[in-house]
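> Questions regarding the structure given below will be posed in turn.
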Amino acid sequence: MEAYAMRAIVRNRYGSAEVLRIEEVPKPVPKDDEVLVKVHAASVNPADWRVMRADPFLIRLMGMGLLRPKHSILGADFAGRVEATGASATQFQPGDEVFGDLSPPQGEWGGFAEYVCARETAVALKPSGLTFEQGAAAALAGLTALQGLRDPGRIQPGQRVLINGASGGVGTFAVQIAKSFGAEVTGVCSTRNLDLVRSLGAGHVIDYTQEDCTRSGQLYDLIIDAAAYRSVSDYKRILSPHGIYVLVGGAPARLFQALLLAPWISMTAKKRFCALQSSWRAKANADSLVLLKELLESGKVVPVIDQRYTLEQVPEAIRYVETGRARGKVVITMEDDI
């Protein structure tokens, strides 16, 4: 392999995982405010396969490319070592072990490659006690959970918090982070994941295959919905007065429904309904990464890793995440780190 080249998983059209292939591409060069990182691990998120497929079609109109993908390399989460810095990048030095999130608006994807360039605001020092795999698993899902709970969710100690989709990538972080804020946590998941969710700190668990959490009669001060298989209006009956419902993941149809209905529902009741939006994702992202780093360092939050794949196996890893059965995160480990 030539010195200027690197291996990456690329695509030049929308479609299933069959459009992905491994190629040698030019190694990126950092801009003034960026750092160049040698990737040791990455992770897969549902956003990867949705952007890969352009599902829903509206994704094409959101800066991703109408006829052909604007970004040929997917992957948001990464962890590795800084190799070089841009002219105005001063927060990191070559050799620093870092982790970060390349999803918009703070980044432009690119994690499924041997090297990435990232803005300093999208990167934080990796906790020394974490492996590269754990660091790669933490950024996007951890930030989504943290910002959903803290910003629109306004979480407070002692609140009753319901986490729907508690065994998934975002959900496993949300359970632990809510617990660290002093909340009383209830997790909703399938039968096979009940013990996992309890082990993460949930004081109560609901098996959605056996019980409808929206008809339990229990009221919650905050609901974090990372699965979104129900209408947002179903949750109105289990929100306490002045309670808050935050949609952070799930099917795009539910997201659009939340964006359309939430303002109306919020106006007709004291309860608040909203979806985690890019404005929150962009706000103080560097500070959020630092707080996430502190939670990871303290041991209050531990990434849950389900499966490990190599760079060549990214298509297989994405297919697995598409099934919706992943427990926690699916990581990609570079071959020289196995």
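Readers should treat all values here as calculations from the given coordinates under stated rules, not as data from a laboratory. As the structure is a prediction and not an experimental result, all values here were calculated from the model. Glycine also receives a Cβ, built like all others from the backbone with ideal geometry; neighbour counts cover every protein chain displayed.
> Looking at the chain as a GNM with Cα springs under 10 Å, which of THR121, THR191, THR172 has the largest mean-square fluctuation?
THR191
> Roughly how compact is the chain, stated as its Cα Rg over 2.2 N^0.38 Å to two decimals?
Scaled against compact globular proteins, the figure is 0.97.
> With only alpha-carbon atoms in the gyration tensor, what are the semi-axes of the equivalent ellipsoid for the stretch 1-103, in Å, largest first?
Over the Cα atoms of the stretch 1-103, the semi-axes work out to 27, 15, 13 Å.
> In deg cm²/dmol and to the nearest 500, what is the mean residue ellipticity at 222 nm of the chain if only DSSP H runs of at least 4 residues count, each as -39500 (n - 2.57), divided by the residue total?
Result for the chain, helices only: -8000 deg cm²/dmol.
> If I stretch the segment between SER16 and HIS242 completely, what's the gain in nm (0.36 nm per residue apart, minus their alpha carbon distance), one decimal?
Gain on stretching SER16 to HIS242: 77.1 nm.
> Oh, and also: Can you compute the FRET efficiency between LEU67 and GLU24 using 1/(1 + (r/R0)^6), with r the Cβ-Cβ distance and R0 = 30 Å? Round to the nearest 0.05.
According to the calculation, E is roughly 0.75.
> Treat each spin label as a single point 7 Å out from the Cα along the C-beta direction, and report the ASP33 to ALA5 distance in nm.
A separation of 3.4 nm, rounded to one decimal place.
> What distance in nm separates the two pseudo spin-label positions at ARG192 and PHE57, each 7 Å out from Cα along the beta-carbon direction?
Going from the ARG192 label point to the PHE57 one covers 3.5 nm.
> Tell me the trypsin sites (Lys or Arg not before Pro) within the stretch 48-106 that lie in a loop according to DSSP and have at most 10 other beta-carbon atoms within 10 Å.
none
> Now a separate question. So how much slack lies between ARG81 and SER233, counting 0.36 nm per residue of separation and subtracting their Cα-Cα distance, in nm?
Value of the extension gain: 50.2 nm.
> Past the 15 angstrom mark, what percentage of all C-alpha to C-alpha distances in the stretch 193-253 do you count?
57
> Just report the Cα centroid separation between the stretch 292-320 and the stretch 60-105, whole Å.
17
> Would you work out which of PRO26, ALA87, HIS71 lies farthest towards the positive end of the dipole of the stretch 1-122, given +1 charges on the beta-carbon of Lys and Arg and -1 on that of Asp and Glu, about the Cα centre?
HIS71
> How high is the relative contact order of the stretch 161-205, in percent, counting Cα pairs under 8 Å that sit 6 or more residues apart?
The normalised contact order for the stretch 161-205 reaches 41 percent.
> Out of ARG11, ARG192, ARG308, any idea which swings most in a Gaussian network model of the chain, alpha carbons joined below 10 Å?
Result: ARG192 has the largest fluctuation of those listed.
> Follow-up. Please compare each pair in LYS38/LYS300; LYS38/LYS293; LYS271/LYS329 to a cut-off of 22 Å on the Cα-Cα distance and tell me which ones are over it.
Distance filter (> 22 Å) returns LYS38/LYS300; LYS271/LYS329.
> So, one more: Please report the antiparallel percentage of the DSSP beta bridges confined to the chain, to the nearest 5.
Counting DSSP beta bridges with both partners in the chain, the antiparallel share is about 55 percent.
> Which residue, SER103, SER16, SER288, tops the fluctuation ranking in a GNM of the chain built on C-alpha contacts under 10 Å?
SER16
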